[in-house]
Amino acid sequence: NAGVTQTPKFQVLKTGQSMTLQCAQDMNHNSMYWYRQDPGMGLRLIYYSASEGTTDKGEVPNGYNVSRLNKREFSLRLESAAPSQTSVYFCASRTGFPGELFFGEGSRLTVL
Amino acid sequence: AQKITQTQPGMFVQEKEAVTLDCTYDTSDQSYGLFWYKQPSSGEMIFLIYQGSYDEQNATEGRYSLNFQKARKSANLVISASQLGDSAMYFCAMREFNYGQNFVFGPGTRLSVLP
């Protein structure tokens with residue numbers, strides 16, 4: 001079982017470059033999430049998608065865009081990367097009620 | 001707004017002893033769920049245990065139990081008979097069932113189990 005798959009696992013960017021983090025789940029979940037994890041701050045929600053075709057901003061959406069391509073895939077795009085976006089990014093999908101999150105392995109992004 | 005507080009940045013426990021990791025939360029929703037996740041040094045997030053706001057009994061999953069005190073808005077994780085493999089970051093999280101899809105996470109507690 002693949003579960004939630006994120007790519008790439010590691011990426012180094014220069015300030016101003018763009019990139020897309022890909023996420024796919026094979027559990028037929030409706031809801032998908034993008035979080036970033038920074039030391040001492042836990043996980044903060046960037047964007048989420050309650051179902052195919054819908055997306056909503058979370059706590060820290062600035063500098064990011066998302067696309068819910070279909071039920072399986074939810075991508076996160078950085079249009080013009082900044083050093084403040086250096087972080088570990090997690091994609092997750094959620095079961096129905098009560099709905100624990102299933103996480104991908106994380107993507108470590110460094111912006112120089 | 002929902003909020004999770006974990007006041008213990010780090011904890012130490014002797015192998016085979018029990019340990020309690022604190023979590024307090026704030027919400028105006030009457031219907032919510034509380035979740036605990038473990039993050040070992042390898043980085044993956046592992047779901048441990050769930051407690052619903054209307055559950056009358058404390059949740060248990062193997063060596064994990066949740067000390068749920070609704071009036072005090074606390075949901076402490078108890079790990080019994082600690083093992084070296086329990087050394088990890090532990091995150092408390094909450095989802096409000098009436099106010100949308102967001103999961104809010106606390107800052108985490110790093111647990112170190114000593115041999």
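The values are calculated or read from the model by the stated rules, or taken from the named source; none is laboratory data. Remember, predicted model here, so these are calculated numbers, not experimental data. Here the Cβ positions follow ideal geometry from the backbone for every residue, glycine too, while neighbour counts run over all protein chains shown. Side chains are part of the model used for accessible areas, which takes the heavy atoms of the whole protein and leaves out ligands, DNA and RNA. Shrake-Rupley method; radii C 1.70, N 1.55, O 1.52, S 1.80 Å.
Give the value in nm², to one decimal: projected area of the alpha carbon convex hull of the protein assembly as shown, averaged over all directions.
Spelled out: convex hull of the Cα atoms, projected over all directions, averaged, 12.3 nm².
Which of the residue pairs B:Lys3/B:Lys70; B:Lys16/B:Lys38; A:Lys71/B:Lys3; B:Lys38/B:Lys73; A:Lys14/B:Lys3 have a Cα-Cα distance greater than 23 Å in the structure shown?
Beyond 23 Å between Cα atoms: A:Lys71/B:Lys3; A:Lys14/B:Lys3.
When the Karplus curve 6.51 cos²θ - 1.76 cosθ + 1.60 is applied with θ = phi - 60°, which whole-Hz ³J(HN,Hα) does each residue of the stretch B:27-44 get, with x for Gly and Pro?
The phi angles translate into 7, 9, 7, 7, 10, 7, x, 10, 10, 10, 10, 10, 10, x, 4, 6, x, 6 Hz.
In whole angstrom, how long is each semi-axis of the equivalent ellipsoid of the stretch A:49-97, when you take the square root of 5 times every eigenvalue of its Cα gyration tensor and sort them from largest down?
The answer is 22, 12, 10 Å, longest axis first.
Let me know the Kirkwood hydrodynamic radius for the stretch B:1-57, please, with Cα pairs as the basis and the value in Å to one decimal.
In the stretch B:1-57 this quantity evaluates to 13.7 Å.
Starting from the amide H of A:Thr86, placed 1.01 Å from N in the peptide plane, find each other amide H under 5 Å away whose residue is 5 or more places distant or on another chain.
Correct list: A:Val111.
Heavy atoms only, probe 1.4 Å: what % of the accessible area of the stretch A:12-92 goes to carbon and sulfur, would you let me know?
That share works out to 45 percent.
Sticking with the crude label model, points 7 Å out along Cα→Cβ, report the distance from B:Gln83 to A:Ser18 in nm, one decimal please.
Rounded to a tenth, the inter-label distance reads 4.8 nm.
State to the nearest 20 debye the size of the charge dipole of chain A about its Cα centre, where the only charges are +1 on K and R beta carbons and -1 on D and E beta carbons.
That gives a dipole near 180 debye.
Treating only the Cβ atoms of Lys and Arg (+1) and Asp and Glu (-1) as charged, compute the dipole magnitude of the protein assembly as shown about its Cα centre; round to the nearest 20 debye.
The calculation lands at about 420 debye.
Karplus couplings for the stretch B:106-115 from phi (6.51 cos²θ - 1.76 cosθ + 1.60, θ = phi - 60°), rounded to Hz, Gly and Pro as x?
x, x, x, 10, 8, 9, 10, 9, 9, x
In the neighborhood of A:Lys71, defined by Cβ-to-Cβ distances under 15 Å, what is the net charge if each Lys or Arg adds +1 and each Asp or Glu adds -1?
Taking every other residue near A:Lys71 into account, the sum is 0.
Within 10 Å of each Cβ of B:97-107, how many other protein chain Cβ atoms are there on average?
6
Just going by the charge dipole of the protein assembly as shown, with Lys and Arg at +1 and Asp and Glu at -1 on Cβ, which of A:Pro39, B:Cys92, B:Leu77 is farthest out on the positive end?
About the Cα centre, the residue reaching furthest to the positive side is A:Pro39.
Need one value for A:100-111: mean number of C-beta atoms belonging to other chains within 10 Å of its residues' C-beta atoms. Could you put the intermediate results ahead of the total?
Details: counts 11, 8, 2, 7, 2, 4, 5, 0, 1, 0, 0, 0.
Average neighbour count from other chains, rounded to a whole number: 3.
In chain B, with Lys and Arg counted as +1 and Asp and Glu as -1 at Cβ, which of these residues, B:Thr7, B:Gly33, B:Ala59, has the Cα nearest the positive end of the dipole, that is, farthest along it?
Working it through, the farthest residue towards the positive pole turns out to be B:Thr7.
In Å, what Rg and Dmax follow from the Cα atoms of chain B?
Here Rg and the maximum Cα pair distance are 13.7, 44 Å.
What distance in nm separates the simple spin-label points at B:Asp29 and A:Phe97, each placed 7 Å from Cα in the Cβ direction?
Result: 1.2 nm between the two label points.
At 1.4 Å probe radius, can you tell me the per residue accessible area of chain B in Å²?
Value for chain B: 47 Å² per residue.
For the pair A:Thr110 and B:Lys16, what calculated FRET efficiency results from E = 1/(1 + (r/R0)^6), where r is the Cβ-Cβ distance and R0 = 30 Å, to the nearest 0.05?
Efficiency for this residue pair is about 0.15.
Convex hull over the Cα atoms of chain A, averaged projected area in nm²?
6.6 nm²
Obtain the nm distance between the two label points defined at A:Ser80 and B:Ile46 by a simple spin-label model: each point lies 7 Å from its Cα along the Cα-to-C-beta direction.
Distance between label points: 4.3 nm.
Can you give the average number of partner chain beta-carbon atoms within 10 Å of each beta-carbon in peptide A:53-61, as a whole number?
Details: counts 0, 1, 0, 3, 0, 5, 3, 0, 0.
Average neighbour count from other chains, rounded to a whole number: 1.
If you take the accessible area of A alone, add that of B alone, and subtract the area of the pair, what total do you get in Å², probe 1.4 Å, to the nearest 100?
Working: alone 6040 and 6210 Å², together 10720 Å².
Buried surface at the A/B interface: approximately 1500 Å².
Can you work out the accessible area per residue across chain A, with the rest of the protein chains kept in place, probe 1.4 Å, in square angstrom?
On a per-residue basis, chain A sits at 47 Å².
Ranked highest first by the average count of other Cβ atoms within 10 Å around their residues, in what order do B:84-90, B:74-80 fall? Walk me through the numbers before you get to the answer.
Numbers: B:84-90: 16.9, B:74-80: 20.3.
By packing density, highest mean first, the sequence is B:74-80, B:84-90.
Report the charge-dipole magnitude of chain B in Debye, nearest 20, computed about the Cα centre from +1 at each Lys and Arg Cβ and -1 at each Asp and Glu Cβ. Write out the running numbers ahead of the final one.
Details: 9 positive and 11 negative charges, 32 e Å.
About 160 debye.
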